[in-house]
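The block underneath contains the structure these notes are about, expressed in structure tokens.
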Amino acid sequence: MRSDPGAGVLASIFLDFSLPNAATWFYFSLLLTVALFFQFSRSLNLRNWDLLALFLLAPGFLILQEGHASQAVAKALTTSAEQESALANAAQRIFFGYLWLLSVSAFWFARLLVDLVLTRRPPGSPNLNLAGLSWFGIALFAALCSVAVKRAPFETKPEVGKKPEAISQVGDRATDLVKNAQPSLGDTTSPEAVRVGVELGLALACHFAVIAGMVLIGGRHFGDWTSGSAMATLYLLLPYTAMNIDQLHHVWPSAFLVWAVFFYRRPTVSGWLIGLAAGSAFLPLLLLPLWLGFYWRRGAGRFAWAFALAMAVSLGITGVALWVDGRFTSMLTTTLRLSEWQAWKAPQTESIWSGAHWAYRMPVFVLFAGFTLFIAFWPSPKNLAHLIALSAAVFIGVQFWYADSGGVYVLWYLPLILLVAFRPNLTGHEPPAVSERRSYALRLMRYLIRRTLRRPVSTSPTPVGAV
């Protein structure tokens, strides 16, 4: 039987599919976003401005990309004078890229604070029906996954920012499970390629969790499945998702937080989700004051206990894994010396604070800490709209003082911004009041108080002749 020599050529042609470069993706996604979601009959609608403002971050990423490319070219130069001049120009472009990102982040921070007083939200629907949006979103997700999977074994994309050790342990354990399940895989594929593939699979699973959570929030809490599908489609269409499709530590916190928002009526479940995220990525720990203020007198105790227990479990698993590998002491010492999260130390990684004295970063950190404590009490009471907007504001606020590529972690808060842009009036969406029948902890506490305050019974013998 003769094999067709043109079959392999045709297969390579039809399967040679790849995403466009960053600039092309930016322009095409902007055009498609306007065509799908822009309300042309009401051009001054707030949602229209939000859609356009989502793309203000893209020029900063393009400038950073150009600066890093120029830096790589400069390092290859042989003449020291030319190399020094080229590196200085590349460093200037990188600084301007971070400055652009933080400036747009400041705009979105102010926009989220303004959203706290916006109660009336005019209804708006995308220019495509639910079936069309669902089909386009599924096709877009399949395209992103196929390109990422095809590229993973051959192209190792450098990490954008440092990955937390707990998330690295998740990738290590998942890689070990894959190797044990398929021993022959290690004979044909390098260990690094297996690890890259496993972490890519985890990242894609987190992206799927984000879009599924937004669809359910739209249908369950917003009362509009079309809005949920629109948010998920726009999340996949924006260039930031395609740029960091394989960066697990970028999408990991938002996957837990989106589902915590979905289960906001169940403080225990939300506490578990945010606690697991905080124990593995640290960042959600900064949301604790806000969420406690949201559940105040309406399940704050259940949320706090679930949060603490889940965080302890997450940290315990990471500690045991490091102890087994013999790296617990060294990793603990390294973590305590990190300057990215400690504003009182000189930064050692790339960011807008590179080369700056720690005294300039410290006031920004103090303002951020004061903000996180202030929003625990204001506004009071909080509804779901306040919770979403302020959670996104906390994630954006971290970018200003975080000394490891601060400004590029858009996927931390991008799903929350989409929820803010598409949300209806959520004034009545508050945590349910605590029911005494369901609050076993409250009933136990009251029982213990009654037993403690009860007058003790005298055990002395009764005198003879006493009546």
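The values are calculated or read from the model by the stated rules, or taken from the named source; none is laboratory data. Here the structure is a predicted model, which is why all the values come from computation and not from measurement. Reconstructed Cβ throughout: ideal geometry from the backbone, glycine too, with neighbour counts over all protein chains shown.
Tell me, which residue of the stretch 243-262 that is part of a helix (DSSP H, G or I) and either of a type in the set (Asp, Glu) or at pLDDT below 90 (or both) is surrounded by the most Cβ atoms within 10 Å (Cβ to Cβ)? Steps first, answer last, please.
Of all residues in the stretch 243-262, those part of a helix (DSSP H, G or I) come to 243, 248-262.
Keeping just the survivors that are either of a type in the set (Asp, Glu) or at pLDDT below 90 (or both) gives 243, 248-249.
Numbers: Met243: 23, Leu248: 25, His249: 27.
In this case the residue turns out to be His249.
Name the pairs whose Cβ atoms lie under 6 Å apart, with the first residue in the stretch 51-79 and modelled with pLDDT under 85, the second assigned to a helix (DSSP H, G or I) and surrounded by fewer than 18 Cβ atoms within 10 Å (Cβ to Cβ), and 6 or more positions between them or separate chains?
Sorted first by the residue in the stretch 51-79, then by its partner, the pairs are Ala74/Gln83; Ala74/Leu87; Leu77/Gln83.
Pairs needed: first member in the stretch 191-213, in contact (Cβ under 8 Å) with a residue 12 or more places away in the chain and within 20 Å of Ala142 (Cβ to Cβ); second member anywhere, of a type in the set (D, E, K, R) and surrounded by 22 or more Cβ atoms within 10 Å (Cβ to Cβ); C-beta distance under 7 Å; at least 6 residues apart or different chains.
Leu200/Asp246; Ala203/Asp246
Looking only at the stretch 106-122, which residues are assigned to a helix (DSSP H, G or I) and not aromatic (Phe, Trp, Tyr)? Show your work before the answer.
The initial filter retains those residues of the stretch 106-122 that are assigned to a helix (DSSP H, G or I), namely 106-117.
Those that are assigned to a helix (DSSP H, G or I) and not aromatic (Phe, Trp, Tyr): Ala106, Ala110, Arg111, Leu112, Leu113, Val114, Asp115, Leu116, Val117.
Can you say whether Ala76 is under 22 Å from Leu31 (Cα atoms) and loosely packed, with under 14 Cβ neighbours inside 10 Å, as far as the supplied structure shows? Lay out the reasoning, then the answer.
Details: under 22 Å from Leu31 (Cα atoms): no; loosely packed, with under 14 Cβ neighbours inside 10 Å: yes.
No; evaluated as a whole, the condition is false for this residue.
Is it fair to say Gly223 is in contact with a Lys or Arg (Cβ under 6 Å, 6 or more places away or on another chain) and at pLDDT below 95?
Values: in contact with a Lys or Arg (Cβ under 6 Å, 6 or more places away or on another chain): no; at pLDDT below 95: yes.
Here the answer is no, as Gly223 does not meet what is asked.
Please find, within the stretch 39-78, the residue that is farthest from Asn21 (Cα to Cα) out of those that are part of a helix (DSSP H, G or I) and of a type in the set (D, E, K, R). Steps first, please.
First, the residues of the stretch 39-78 that are part of a helix (DSSP H, G or I): 46-75.
This time we only want the ones that are of a type in the set (D, E, K, R), so: 47, 50, 66, 75.
Working: Arg47: 28, Asp50: 25, Glu66: 12, Lys75: 23 Å.
Restricting to residues being part of a helix (DSSP H, G or I) and of a type in the set (D, E, K, R), the top hit is Arg47.
Residue-by-condition table, conditions (1) crowded, with 16+ Cβ neighbours inside 10 Å; (2) at pLDDT 85 or above:
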residue	(1), (2)
Ala277	yes, yes
Leu285	no, yes
Gly316	no, yes
Trp323	no, no
Ser339	yes, no
Gln348	no, no
Ala359	no, yes
